[in-house]
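Structure first, commentary second.
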Amino acid sequence: MNWRAIWAIMRKDLRVVLQNKGVVLPIILLPVILFVVLPLLVLLLPAALGSTGAGSNDLQELLAMVSPGLRSQLEGLDPDAAGAVFFLVYMLAPLFLIVPIMVSNVIAADSFVGEKERKTLEALLYTPTTDGELLMGKLLSAWLPALLVSLLGYVLYSITANLAAAQLVGRPLFPNLIWTVMVVWVAPAAAAFGLTSMMLVSVRAKTFQDAYQTGSLVVLPVLILLLGQAVGVIYFSVWLTLLLGLGLWVVSLVLLYFGKRTFHRTELIAQL
Amino acid sequence: MADPIIVTEGLTRRFGDTVAVDGLALEVYPGEVFGFLGHNGAGKTTTVRLLNGVLTPSDGHARILGLDPMTDGPALRRLTGVLTETPSLDERLTARVNLSIYADLYGVSKTEVKRRVDQLLAAFDLTERADDKVGEYSKGMKQRLALARTVIHQPTLLFLDEPTAALDPVAARQVHAMILSTAREGRTVFINTHNLVEAQRMCDRVGVMEHGRLVALGTPHELARSLARNVSVEFELAPGSAEQAMTALQAMPVQVSAGQRNGTVLVSGAEREAIPDLIDRLVSAHVRIYQVTPQEPTLEDVYFALHSDAEVKQ
Ligand SMILES: Nc1ncnc2c1ncn2[C@@H]1O[C@H](COP(=O)(O)OP(=O)(O)O)[C@@H](O)[C@H]1O
Ligand SMILES: [Mg+2]
């Protein structure tokens, strides 16, 4: 592997991607909405409006529905604190995964499909890079930024969530084990999943917009997790989180295997 | 003669029922400017792809600079530079960044990159706009930048795919000058073109492609001599006798038109053997002839001669 060439491909892709508003906007807005606006709204708005905030009846009903495992985690806390922990630690955990998935997915859409659309792929295919180096450059240019944004999002979230919950719970909620596993094990797998699924989409898609739209279907599994936890079928324990990461890695590797089979310059050039 | 730098035998590429390149046998020698002529869809771009190991042949084989494009692709592409049909530049990046990224991709030594980029920007007259985004460039500037990128690693063999097709005459002339100057540095240049004037002016030898087949090969001069059966002849006549001449030649199977210079008529579409008859006709119609000049046949004549043959066959 010629790392200088791989780095050059990444540098090129990232510089180009950063000029695409359709990519940059979601990368910035998504974490801000999920990790700053959402917790603040849910926890602080009701309090400001004079209702009882996290301890409201609706939330109590929801808490009554969650799985016994999760309820045992919340035992011993007063209702407001239980509500805050439930929401900030458990409900938002699956939503966190949207960030690495979407970031890698949207960058990969620009790097794999946008490059065809802009007609810049052909010159790249005539360089002495091998197919493997080309693929590695493109994978890393979507994967590494997704990790970076997830990490920054997590730091941001820890701060907002700790501040928002300070009064209710009386101790910092972050860092904690579940979220640490999420960030170091599941998020990288989720980023890999977002990007390898885009590899498959990219074979057919002709434009960045097409790829972006088809690609956004990758968040469906996250919504299923979210729903599953809300209706009490599952809850985010450390074990579940570890298992989830493993599952995502396996799926990503399978997708990568299929994506790699068509990623040869002799095939790519015929798609131009 | 030196050993050929490009050798192909029976090189063939099919796409479904289309035979894009059909049994191509070709040799190109070091230092040549070789023109690969043919209209759209003749198989020129496909050939360049095959020769650089970017596309797999359906049949036959090629050796470029002693390497097999299919097994030694990366090593081969280190020695070749390819100007693609569309400039294939990152329009969202500046010229400088476009060049330096490709310097890295082609493995230009790290300490050399900055110097090489600056030197190319200057040579291709882009220094002033080097830090502007390429999207803001004119077509001619883009093409110059694409050319600069093609030679950033000082390739031995250069492929140029329709280098002036999208350019206005002034920009095309600039690009021609740059191509000739890189050729003078000792490079072998393989030019795909459908522009006959360009081929005539720049190429040492040309090959004419039609429907994937090489139908003619030689110097522009040889081809013109051997293939252009119909010639054009310029007659310089006494002032005011053009009308008279046209009437006299009406019955002959030729086209007569006013010549470029005053007092001349141009007779085209005649076979060489018919020239004495034309003169006979004019003389017996009392047209006074000062001078008869057969026009050197051009590649254009060759091209149309070949093309009408193919049409007759179909
Ligand atoms: N990737 C491809 N898929 C299908 N047909 C192709 C492909 N590339 C080229 N062709 C066909 O092969 C023929 C030669 O094309 P090309 O080499 O691009 O010609 P030229 O460069 O001389 O215009 C054309 O009929 C073209 O439609
Ligand atoms: Mg072409």
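Just to be sure, is residue B:10 exposed (fewer than 15 other Cβ atoms within 10 Å of the Cβ), within 22 Å of residue B:185 (Cβ to Cβ) and either more than 12 Å from ligand 1 (Cβ to nearest atom) or among the aromatic types (Phe, Trp, Tyr) (or both)?
Against the criterion (exposed (fewer than 15 other Cβ atoms within 10 Å of the Cβ), within 22 Å of residue B:185 (Cβ to Cβ) and either more than 12 Å from ligand 1 (Cβ to nearest atom) or among the aromatic types (Phe, Trp, Tyr) (or both)), residue B:10 does not qualify.
Here are some conditions: (1) aliphatic (A, V, I, L, M); (2) more than 13 Å from chain A (Cβ to nearest Cβ); (3) part of a strand (DSSP E or B); (4) within 16 Å of ligand 2 (Cβ to nearest atom). Residue B:25 meets all but one. Which one does it not meet?
If we test residue B:25 against (1) aliphatic (A, V, I, L, M); (2) more than 13 Å from chain A (Cβ to nearest Cβ); (3) part of a strand (DSSP E or B); (4) within 16 Å of ligand 2 (Cβ to nearest atom), just (4) comes out false.
Residues to consider are A:111, A:141, A:104; find the one that is open to solvent by less than 10 Å² (accessible area, probe 1.4 Å), closer than 19 Å to residue A:216 by Cα and either in contact with a Lys or Arg (Cβ under 7 Å, 6 or more places away or on another chain) or modelled with pLDDT under 95 (or both). Don't jump to the end; show me each part of the working.
Working: A:141 fails: either in contact with a Lys or Arg (Cβ under 7 Å, 6 or more places away or on another chain) or modelled with pLDDT under 95 (or both); A:104 fails: either in contact with a Lys or Arg (Cβ under 7 Å, 6 or more places away or on another chain) or modelled with pLDDT under 95 (or both).
The match here is A:111.
Assuming residue B:37 fulfils every condition listed in (1) buried (at least 23 other Cβ atoms within 10 Å of the Cβ); (2) at the interface with chain A (Cβ under 9 Å from one of its Cβ atoms); (3) modelled with pLDDT under 95 apart from one, which condition is it?
(2)
For region A:244-264, does any single residue satisfy the condition of being within 16 Å of ligand 2 (Cβ to nearest atom) and among the small types (Gly, Ala, Ser)?
For region A:244-264, residues within 16 Å of ligand 2 (Cβ to nearest atom) and among the small types (Gly, Ala, Ser): absent.
Scan region B:178-200 and tell me whether some residue there is part of a loop (DSSP other than H, G, I, E, B), touching a residue at least 24 places away in the same chain (Cβ under 8 Å) and either within 14 Å of another protein chain (Cβ to nearest Cβ) or within 16 Å of ligand 1 (Cβ to nearest atom) (or both).
yes
Please determine whether any residue of region B:122-129 is closer than 28 Å to residue A:265 by Cα, open to solvent by 60 Å² or more (accessible area, probe 1.4 Å) and modelled with pLDDT under 95.
no
One line per residue, one yes/no per condition, for (1) within 26 Å of residue B:58 (Cα to Cα); (2) open to solvent by 40 Å² or more (accessible area, probe 1.4 Å); (3) not hydrophobic (A, V, I, L, M, F, W, C):
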{"residue": "A:223", "(1), (2), (3)": "no, yes, no"}
{"residue": "A:241", "(1), (2), (3)": "no, no, yes"}
{"residue": "A:244", "(1), (2), (3)": "no, no, no"}
{"residue": "A:247", "(1), (2), (3)": "no, no, yes"}
{"residue": "A:251", "(1), (2), (3)": "no, yes, no"}
{"residue": "A:254", "(1), (2), (3)": "no, yes, no"}
{"residue": "A:261", "(1), (2), (3)": "yes, yes, yes"}
{"residue": "A:266", "(1), (2), (3)": "yes, no, yes"}
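With the structure loaded, tell me whether residue B:166 is surrounded by 18 or more Cβ atoms within 10 Å (Cβ to Cβ) and not hydroxyl-bearing (Ser, Thr, Tyr) or whether it fails that test.
Against the criterion (surrounded by 18 or more Cβ atoms within 10 Å (Cβ to Cβ) and not hydroxyl-bearing (Ser, Thr, Tyr)), residue B:166 does not qualify.
What are the residues in region A:144-171 that are free of Cβ contacts under 8 Å to residues at least 12 places away in the same chain and open to solvent by less than 60 Å² (accessible area, probe 1.4 Å), if any?
A:166
Of the residues in region B:88-102, how many are more than 8 Å from chain A (Cβ to nearest Cβ) and surrounded by 23 or more Cβ atoms within 10 Å (Cβ to Cβ)?
Here the count works out to 3.
Here are A:26, A:31, A:46: which of them is more than 14 Å from chain B (Cβ to nearest Cβ), surrounded by 14 or more Cβ atoms within 10 Å (Cβ to Cβ), more than 30 Å from residue B:113 (Cα to Cα) and modelled with pLDDT of 90 or more? I'd like the intermediate steps shown before the answer.
Working: A:26 fails: modelled with pLDDT of 90 or more; A:46 fails: modelled with pLDDT of 90 or more.
It is A:31.
Looking only at residues that are assigned to a helix (DSSP H, G or I) and surrounded by fewer than 20 Cβ atoms within 10 Å (Cβ to Cβ) in region B:49-85, which one is farthest from the other protein chains (Cβ to nearest Cβ)?
Once the filter is applied, the top-ranked residue is B:79.
The values are calculated or read from the model by the stated rules, or taken from the named source; none is laboratory data. Keep in mind that this is a model prediction, so the values were computed, not measured. Counting neighbours? That spans all protein chains shown, and the Cβs are built from the backbone with ideal geometry, glycine included. Remember, those area values only see protein heavy atoms, side chains included, never the ligands or the DNA or RNA. Shrake-Rupley method; radii C 1.70, N 1.55, O 1.52, S 1.80 Å.
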